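Take a look at the structure set out below.
The values are calculated or read from the model by the stated rules, or taken from the named source; none is laboratory data. Given the structure is predicted, the values throughout are model-derived calculations rather than measurements. In this analysis, Cβ positions are derived from the backbone assuming ideal geometry, glycine residues included, and neighbour counts consider all displayed protein chains.
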Amino acid sequence: MNFTQSHPIDNLSESSMERHSVERIFLKEISLRQFVPVLFATIALSLTSCVQSNSVKSPTTSEAVTLRISVQPTQNRAEQEQMIAPLDAHLEKVLGQPVEFLVAKDYKDSVDMLVDGRANAAYIGALSYFEALERGAKVRPLVAPIDQYTTRPWYRACIIVPANSPIKTLADLKGKKVAFVNRSSTSGYLKPVAALKQLGIDPDRDFAEVIFGGTHEKTEALLGKQADAIATNIASYKHWKEEGKSTVQAAKVIWQSEPLFHAPVLVSEQISPALIEKLKEAFLTTPEGIQDLMGAKTVGYTLVDAEDYKKIRELRHQLNQAMEP
């Protein structure tokens, strides 16, 4: 009888093969279970990288940053807004984007806007520029208006009195009522007070009364009424005379300073270099007839930098030291 008997070796081989087969399947399952999370983790990481990559690239896109310019109040609000309109239209045309002018409530508010981020540019006085820097604003001068009378970016602080006043010199102001513009005004406070201090005259001690008008225009209205003399600048004084302001038609200048750089237009470091270059172009191509927002008669703009305001910075420092107890 022919038959095939199972040999023990053969049986062992088959069971061994089955065991190895099961082990291979089990190992594959283990490997797969380990691989799947790694796979998903890899995919997730890739997606995150893509998102991060896109987010990194987004700031380089040409999104227009709205230019928000704080403006120091120098006239009444209605007049100043009328002065702003032509300049606003010109800037928007050259820049190809919206420009927002923010007329401040007062000198401090114009600086506050730069510090708290409501504005990324400013049309303010030189003294306010240094106050903004001191409070942490990252700004720098860009341009300044060219004075119509000096044909330079300069102007002069002055003190004026009624024409029939017996006051002829700064020394004659002792015992009188004197109006300044604002403690943050360069021509309406800093420079005149520095000149008085050099003569040993302390306004708080030697004047009958110290008054602050708030703006150059409001201060001008005090002359001959609440004040025997007012501090302002030659540019504003001549402008008022041309307008026929009754208070200055019969007024005289008893003192004027050396030339001072005009109020600068400041720009924030947060503005892109490309936009700053376009802004330079816009100001330097300002058409004739567009008024300076600080109220002076001007004939365009010129580039300026921090070095141009060095003397005012030093004068401010000296006056602050002199006023310390």
(message) I'd like the full set of residues that are crowded, with 19+ Cβ neighbours inside 10 Å and either within 12 Å of Q75 (Cβ to Cβ) or in contact with a His (Cβ under 6 Å, 6 or more places away or on another chain) (or both), limited to the stretch 222-248.
(response) T232, S236, H239, W240
(request) Would you mind stating whether E277 is surrounded by fewer than 16 Cβ atoms within 10 Å (Cβ to Cβ) and in the same structural domain as V143 (by TED's automatic domain parsing)? (result) yes
(request) Take the residues in the stretch 167-199 that are of a type in the set (S, T, Y) and surrounded by 17 or more Cβ atoms within 10 Å (Cβ to Cβ), then tell me which one is farthest from A263 (Cα to Cα). (result) Y189
(request) Please specify each residue of the stretch 228-250 satisfying the condition of being out of contact with any Phe, Trp or Tyr (no Cβ under 8 Å at 6 or more places or on another chain) and farther than 25 Å from S128 by Cα. (result) D228, K241, E242, E243, G244, K245, S246, Q249, A250
(request) Quickly run through the stretch 116-133 and pick out the residues that are part of a loop (DSSP other than H, G, I, E, B) and either more than 10 Å from the chain's Cα centre (by Cα) or closer than 13 Å to A263 by Cβ (or both). (result) I124, G125
(message) I'm told K252 meets every condition in (1) modelled with pLDDT of 90 or more; (2) farther than 9 Å from I160 by Cβ except one. Can you identify the failing condition by its number?
(response) (2)
(message) Being touching a residue at least 12 places away in the same chain (Cβ under 8 Å), in contact with a Pro (Cβ under 9 Å, 6 or more places away or on another chain), in the same structural domain as V99 (by TED's automatic domain parsing) and under 17 Å from L87 (Cα atoms): is that true of A282 here?
(response) no
(message) Can you confirm whether A121 is aliphatic (A, V, I, L, M), buried (at least 21 other Cβ atoms within 10 Å of the Cβ) and touching a helix residue (DSSP H, G or I) at 6+ places or on another chain (Cβ under 6 Å)?
(response) no
(request) State the number of residues belonging to the stretch 172-197 that are out of contact with any helix residue (DSSP H, G or I) (no Cβ under 6 Å at 6 or more places or on another chain), part of a loop (DSSP other than H, G, I, E, B) and over 11 Å from V210 (Cβ atoms). (result) 2
(request) Could you look through the stretch 149-166, keep only residues that are in a loop (DSSP other than H, G, I, E, B) and more than 25 Å from the chain's Cα centre (by Cα), and pick out the one that is surrounded by the most Cβ atoms within 10 Å (Cβ to Cβ)? (result) S165
(request) Report, by residue number, each residue of the stretch 235-275 that is closer than 27 Å to K168 by Cα, of a type in the set (V, I, T) and outside any helix (DSSP H, G or I). (result) V253, I254
(message) Step by step: first the residues of the stretch 280-317, then only those that are touching a helix residue (DSSP H, G or I) at 6+ places or on another chain (Cβ under 7 Å) and in a helix (DSSP H, G or I), then the one that is surrounded by the fewest Cβ atoms within 10 Å (Cβ to Cβ). Which residue is that?
(response) E281
(request) Look through the stretch 253-274, keep the residues that are among the hydroxyl-bearing types (S, T, Y) and buried (at least 17 other Cβ atoms within 10 Å of the Cβ), and return whichever of them is nearest to R313 (Cα to Cα). (result) S257
